[in-house]
Ligand SMILES: [Zn+2]
Ligand SMILES: [Zn+2]
């Protein structure tokens, strides 16, 4: 099997729970935010990007506080610059009246660029999906994908809705449909066993089917879609 390093990461992620693209994208965004907070805190382009975006989006901003250890100083440095800029650009009372004052503030509050972590995520997702499609004609890679929990619905849509080799896209789609057919069978089994008041432990793979169904429909909790 000949795999690029991205495809090898995917191959390894197939064996783990959840959508493999979500899993790798979550990891990559976490490392990106970690490096932004620690290593690039004094780099001007990081400051500019974050000021233009008016800060990280809600998901990534809370991720920084909750998941990046000892992030407080980095956040303080980056966001001091952000609020200084906001206050400057919002202006003060205008001689031209309240209407003008509000219009200027509204304009200043508007993001002028996307969240830099969202931009990073989109790039990573793009690379992962390209590599997934590129290698799906290799049987060993395809078999490992078939045994995974499958792409979540948002990532399946992104995979199919891109310019790529359509034969490979169709193979990916068939594999995903086989995974979802099994999921549907497992959910049905879960319902049947529940009726008989079996313990969850007796359910085997059907026992995890509700969690898998949620993840397959919306993707990983930690990933912004
Ligand atoms: Zn996903
Ligand atoms: Zn974001």
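Here residue 49 clears all of (1) at pLDDT 95 or above; (2) assigned to a helix (DSSP H, G or I) except the condition numbered (1).
Scanning the range 128-140 for residues that are more than 14 Å from ligand 1 (Cβ to nearest atom) and either modelled with pLDDT under 95 or not in a loop (DSSP other than H, G, I, E, B) (or both) yields 130, 131, 133, 134, 135, 139, 140.
Pairs meeting the criteria (first residue in the range 163-179 and touching a residue at least 60 places away in the same chain (Cβ under 8 Å), second residue surrounded by fewer than 17 Cβ atoms within 10 Å (Cβ to Cβ) and part of a loop (DSSP other than H, G, I, E, B), beta carbons under 7 Å, at least 6 apart or on different chains) are lacking.
One line per residue, one yes/no per condition, for (1) surrounded by 19 or more Cβ atoms within 10 Å (Cβ to Cβ); (2) within 16 Å of ligand 1 (Cβ to nearest atom); (3) outside any helix (DSSP H, G or I):
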residue: 18; (1), (2), (3): yes, yes, yes
residue: 21; (1), (2), (3): yes, yes, no
residue: 30; (1), (2), (3): no, yes, no
residue: 34; (1), (2), (3): no, no, no
residue: 64; (1), (2), (3): yes, no, no
residue: 76; (1), (2), (3): no, no, no
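Taking the criterion of being loosely packed, with under 12 Cβ neighbours inside 10 Å and assigned to a helix (DSSP H, G or I), the residues of the range 101-119 that qualify are 106, 109. Kindly evaluate residue 124 against the criterion of being within 16 Å of ligand 1 (Cβ to nearest atom) and part of a helix (DSSP H, G or I). Considered against the rule, which asks whether it is within 16 Å of ligand 1 (Cβ to nearest atom) and part of a helix (DSSP H, G or I), residue 124 comes out as yes. The residues of the range 52-62 that are assigned to a helix (DSSP H, G or I) and crowded, with 21+ Cβ neighbours inside 10 Å amount to a single one, 60.
The values are calculated or read from the model by the stated rules, or taken from the named source; none is laboratory data. Remember, predicted model here, so these are calculated numbers, not experimental data. Here Cβ is always computed from backbone atoms with ideal geometry, including for glycine, and neighbour counts include all displayed protein chains.
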